[in-house]
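The values are calculated or read from the model by the stated rules, or taken from the named source; none is laboratory data. Treat the numbers as computed from the prediction; the structure is a model and nothing was measured. As a convention, Cβ positions derive from the backbone with ideal geometry for all residues, glycine included, and neighbour counts pool all protein chains shown.
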Amino acid sequence: MDFQSCVTIQKEWDIVGARQMGRNIAKEIGFGTVDQARIATAISELARNIYLYAGSGEICFERLETIDRKGIGIYAIDKGPGMEEVSRVMEDGFSTSGGLGAGLPGVKRLMDEFDIVSEVGKGTKITVMKWIR
Amino acid sequence: MDRKLKEVVLENSNTIVQMWLEDVNKNRKEDISSTISDELFESTNREFVNVIFACVEKQGLTKDLDAFSERLINLGWPLSYITDGLQSFRRVTIHFILQESEKVDTDNFTVILYAVDEWVDPIINQLVSQYSGSWENIVSLQRVALQELSAPLIPVMENITVMPLIGTIDTERAKLIMENLLDGVIKHNAEVVLIDITGVPVVDTMVAHHIIQAAEAVRLIGSTCILVGIRPEIAQTIVNLGIDLSKFPTKSSLRKGFQTALELTNRKIISLQETDQEIGKLLDSLDKE
Ligand SMILES: Nc1ncnc2c1ncn2[C@@H]1O[C@H](COP(=O)(O)OP(=O)(O)OP(=O)(O)O)[C@@H](O)[C@H]1O
Ligand SMILES: [Mg+2]
């Protein structure tokens with residue numbers, strides 16, 4: 001796929017870089033402040049998961065435009081350990097790191113569309129989208 | 001051979017300097033020319049090339065080199081000025097030597113390259129390490145400055161303390177917040193501490209988790225923690241994330257939080273003017289008696 005912009009996640013401060021880029025793109029597309037905050041928070045969750053569990057990876061952005069609506073697509077891609085049971089990690093409160101376990105289920109609620117593909121030993125790809133109402 | 005090369009170069013220093021100055025002027029970068037006058041650029045170039053020749057002549061690094069680079073660093077000249085300048089010196093010098101030599105076979109050519117590298121490389125290394133040393137110094141100073149700013153505690157009045165948080169919270173800062181909060185609560189004997197997150201751009205699960213832990217720890221040492229400055233958009237994302245903040249008090253603004261803190265410590269604010277009037281009335285009534 002041809003992404004317009006990507007941020008490499010390797011250090012903790014890369015999370016902030018990804019967040020800022022995502023927020024700027026969302027602002028340009030025309031999202032309001034509440035949705036900008038939702039998008040920035042979702043990016044923060046996805047990027048931090050990459051940093052914590054996969055070590056490194058990428059967050060990419062895409063401007064979405066159809067005849068009747070505009071939106072943003074965010075892709076979190078890593079070649080980390082992957083997840084055994086995708087349904088488990090989507091449960092509220094499930095965490096292997098002593099966290100709140102609110103990250104992934106939270107991202108699903110923050111965004112309009114959510115898709116996760118993960119294979120043990122290969123990596124994880126999470127795709128989320130949000131549309132302007 | 002090396003000796004002879006050096007003699008050739010030193011004897012013809014005027015020509016080489018001229019070639020170098022032309023080369024450097026031709027490659028003058030935008031970022032330098034925008035802030036630096038032509039005169040300064042030229043005098044710096046002269047000084048630079050003199051320093052280079054002094055190093056070549058003395059076969060080593062000189063005090064002048066240190067002084068020169070220190071001045072450049074203080075003036076804020078980019079490192080690329082120095083590296084470009086020395087690359088250019090390497091280029092013109094090799095070019096000049098080859099021009100002067102009648103015939104050059106591969107062996108000679110290698111010797112020439114090595115000889116010039118041996119003059120130029122130590123100078124580059126010295127200057128680059130001085131530059132990076134000064135950057136490391138700046139970074140570590142800024143780190144300390146940032147740490148001092150990262151989790152301040154303000155004891156606004158007896159038993160009430162405020163911790164205003166501004167900017168991104170990473171794990172290192174989250175630890176500092178916890179430490180300073182607990183230390184401060186004990187030191188200032190605070191019954192209530194207000195954590196103000198007005199200036200925190202994003203509250204994700206990690207930040208929320210640390211704030212919840214900090215509030216819990218404050219509760220364990222017998223004080224109350226109130227989270228204030230929750231902007232409307234932050235409130236909505238916290239709800240979307242499904243984070244439960246119901247266990248400890250939250251208020252939208254520092255003002256409202258402070259009000260609650262006063263109530264919790266059995267105090268209230270009264271306007272002095274009214275009291276004056278009341279005292280006045282009291283005195284009046286006493287007068288009448
Ligand atoms: N990119 C990933 N690669 C491998 N495992 C992951 C990845 N992202 C999440 N996980 C797993 O899914 C679990 C749930 O993730 P989630 O973000 O929901 O919660 P958390 O990170 O544990 O806590 P927090 O509430 O702070 O986000 C994680 O504990 C981790 O085991
Ligand atoms: Mg997470």
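Things to note:
Residues are listed down the side, and each one gets a yes or a no for (1) within 16 Å of ligand 2 (Cβ to nearest atom); (2) in contact with a Ser or Thr (Cβ under 7 Å, 6 or more places away or on another chain); (3) in the same structural domain as B:Phe258 (by TED's automatic domain parsing):
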site	(1), (2), (3)
B:Ile160	no, yes, yes
B:Ala174	yes, no, yes
B:Leu181	no, no, yes
B:His188	no, yes, yes
B:Val202	yes, yes, yes
B:Ala215	no, no, yes
B:Cys225	no, no, yes
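- Residue in region B:214-226 that is within 14 Å of chain A (Cβ to nearest Cβ) and surrounded by fewer than 22 Cβ atoms within 10 Å (Cβ to Cβ) present: yes
- Of the residues screened, A:Gly71 is not one that is over 26 Å from B:Pro232 (Cα atoms) and modelled with pLDDT of 95 or more.
- Residues in region A:103-133 that are within 18 Å of A:Ala42 (Cβ to Cβ), at pLDDT 95 or above and in a loop (DSSP other than H, G, I, E, B) were compared, and the one that is nearest to ligand 2 (Cβ to nearest atom) is A:Met111.
- Any helices (runs of 4 or more DSSP H) falling wholly within region B:209-289 and containing at least 3 residues that are more than 30 Å from A:Gln36 (Cβ to Cβ): B:254-264, B:272-288
- The set of residues from region A:83-100 being in a loop (DSSP other than H, G, I, E, B) and either within 14 Å of A:Leu52 (Cβ to Cβ) or within 6 Å of ligand 1 (Cβ to nearest atom) (or both) comprises A:Met83, A:Phe94, A:Ser95, A:Thr96, A:Ser97, A:Gly98, A:Gly99, A:Leu100.
- B:Ser132 being of a type in the set (Gly, Ala, Ser), under 30 Å from B:Asp204 (Cα atoms), assigned by TED's automatic domain parsing to the domain that holds B:Glu57 and assigned to a helix (DSSP H, G or I): no
- Complete set of residues in region A:36-82 that are aromatic (Phe, Trp, Tyr), away from ligand 1 (no atom under 11 Å from the Cβ) and surrounded by fewer than 19 Cβ atoms within 10 Å (Cβ to Cβ): none
- Top-ranked residue in region A:101-133 [being within 12 Å of ligand 1 (Cβ to nearest atom) and among the hydroxyl-bearing types (Ser, Thr, Tyr); ranked as nearest to the other protein chains (Cβ to nearest Cβ)]: A:Thr124
- Residue within region B:182-198 that is within 14 Å of another protein chain (Cβ to nearest Cβ) and either in contact (Cβ under 8 Å) with a residue 12 or more places away in the chain or at positive phi (or both) present: yes
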